[in-house]
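The structure under discussion appears below in the form of structure tokens.
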Amino acid sequence: MQIKILRSEPGTHQLYTLPAGEIPLLNALTYIKETQDAMLTFSAGCRASVCGTCAVRVNGREELACAYKVKPGDIIEPLQYHPVLRDLRVDKHKAKETLSKSTAWLHSSQEASLTHSDEKLSETQTDCILCDSCYSACPVYAVNPDFLGPFALTRAYRYSADKREGDVKNIIDNIQSNGVWDCTLCGECTAVCPKGIDPKMDITMLRGLSVQEGYDDPSFATQSFGTPDFGGGGFGFDPNAGF
């Protein structure tokens with residue numbers, strides 16, 4: 001079985017041969033490093049799909065290397081929109097800065113009695129492992145590198161939906177610029193999340209909360225919906241003709 005890995009030096013895909021059989025990609029990368037190419041560089045953590053450290057792109061789709069099973073012909077590449085340190089290892093600092101910019105934490109804690117239903121509202125979002133898969137899959141970063149991004153906005157929704165947050169407006173205020181309205185709602189982030197989180201829906205909910213706080217889509221006022229055509233041009237319509 002052969003796979004290709006994008007190497008930062010010399011900047012091309014290199015072909016590697018693996019033993020036949022279904023193995024996790026992380027095991028395959030380790031095998032290659034130990035037996036064929038000691039210079040191959042990648043990131044790895046717990047091997048249990050709960051730390052997010054080993055996220056890479058496989059055939060153009062974000063995957064956790066510890067969870068993905070290698071198939072013949074796979075093409076392995078680093079995450080998009082991250083500075084590549086070497087090979088599959090990327091610098092995630094800029095991506096993590098979006099959490100600070102979105103101020104996704106409790107701003108004004110207040111006493112609140114939480115029901116099981118209340119906990120369910122943010123239970124899924126709390127499972128985010130910050131693997132950056134959604135960040136890498138988001139097409140908005142191709143045109144706006146300052147976009148807050150899926151996992152930061154999911155975290156913002158997690159706290160804005162928390163009954164213990166006494167200042168939801170503060171969170172909403174901080175996600176307007178390069179935030180909820182910049183998302184295209186394409187759903188690529190939702191498709192690649194290894195924890196089953198739906199950032200697209202979280203952003204949609206944040207838009208609803210934004211409207212409640214008096215905000216609206218800044219691009220809406222500039223959209224053109226065309227001029228109504230009442231048939232006066234091109235169809236022989238005579239406005240002076242009688243009926």
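For the pairs 120/169; 169/200; 71/96; 33/200, flag any whose C-alpha to C-alpha distance is greater than 26 Å. Walk me through the numbers on the way to the answer.
Values: 120/169 22 Å; 169/200 21 Å; 71/96 31 Å; 33/200 37 Å.
As for pairs spanning more than 26 Å Cα to Cα, those are 71/96; 33/200.
The simple Förster model, with R0 at 45 Å and r as the Cβ-Cβ distance, assigns residue 61 and residue 111 a FRET efficiency of 0.55. For the chain, the antiparallel share of DSSP beta bridges with both residues in that region comes to about 90%.
What's the Kirkwood radius of the stretch 134-187 in Å, using all Cα pairs? Before the final figure, lay out each step's value.
Details: mean 1/r = 0.0850 Å⁻¹.
By the Kirkwood definition, the hydrodynamic radius is 11.8 Å.
Here the gap between residue 212 and residue 27, fully extended at 0.36 nm per residue and compared with their Cα-Cα distance, gives a gain of 61.7 nm.
The angle separating the long axis of helix 150-160 from the principal Cα axis of greatest extent in the chain is about 60 degrees. Other residues within the sphere of radius under 14 Å centred on the Cβ of residue 184, judged by their own Cβ, net out at -1 (K and R +1, D and E -1). Helix 116-126 and the longest principal axis of the C-alpha atoms of the chain enclose an angle of approximately 60°.
What size of dipole, in debye to the nearest 20, comes out for the chain about its Cα centre when the only charges are +1 on Lys and Arg C-beta atoms and -1 on Asp and Glu C-beta atoms? Present the calculation step by step, with values, prior to reporting the outcome.
Details: 23 positive and 31 negative charges, 176 e Å.
In debye, rounded to 20, the chain gives about 840.
For the pair the stretch 116-134 / the stretch 162-208, the C-alpha centres are spaced 12 Å from each other.
Treating only the Cα positions of the chain as identical point scatterers, give the base-10 log of I(q)/I(0) from the Debye formula at each q in 0.10, 0.13, 0.15 Å⁻¹. For the chain at q = 0.10, 0.13, 0.15 Å⁻¹, log10 I(q)/I(0) is -0.59, -0.83, -1.00.
When the Cα atoms of the stretch 82-226 are aligned to their principal axes, the ranges along those axes come out at 49, 45, 24 Å in descending order. Once both labels are positioned 7 Å from their Cα atoms along Cα-to-Cβ, the gap between residue 173 and residue 44 label points is 4.8 nm. Under the shape rule built on the C-alpha gyration tensor, where the axes satisfy a ≥ b ≥ c, the stretch 154-224 is oblate, since a/c reaches at least 1.5 while a/b does not exceed b/c. Rolling a 1.4 angstrom probe over the protein heavy atoms with all chains in place gives the chain an accessible area of 53 Å² per residue. Here the spin labels are modelled as points 7 Å beyond Cα on the Cα-Cβ line, and at residue 2 and residue 97 they lie 4.2 nm apart.
The values are calculated or read from the model by the stated rules, or taken from the named source; none is laboratory data. Quick caveat, the model's predicted, so the values are computed rather than measured. Cβ atoms come from the backbone with ideal geometry, glycine included; neighbour counts cover every protein chain shown. Just the protein is used for accessible areas: all its heavy atoms, side chains included, with ligands, DNA and RNA removed. Shrake-Rupley method; radii C 1.70, N 1.55, O 1.52, S 1.80 Å.
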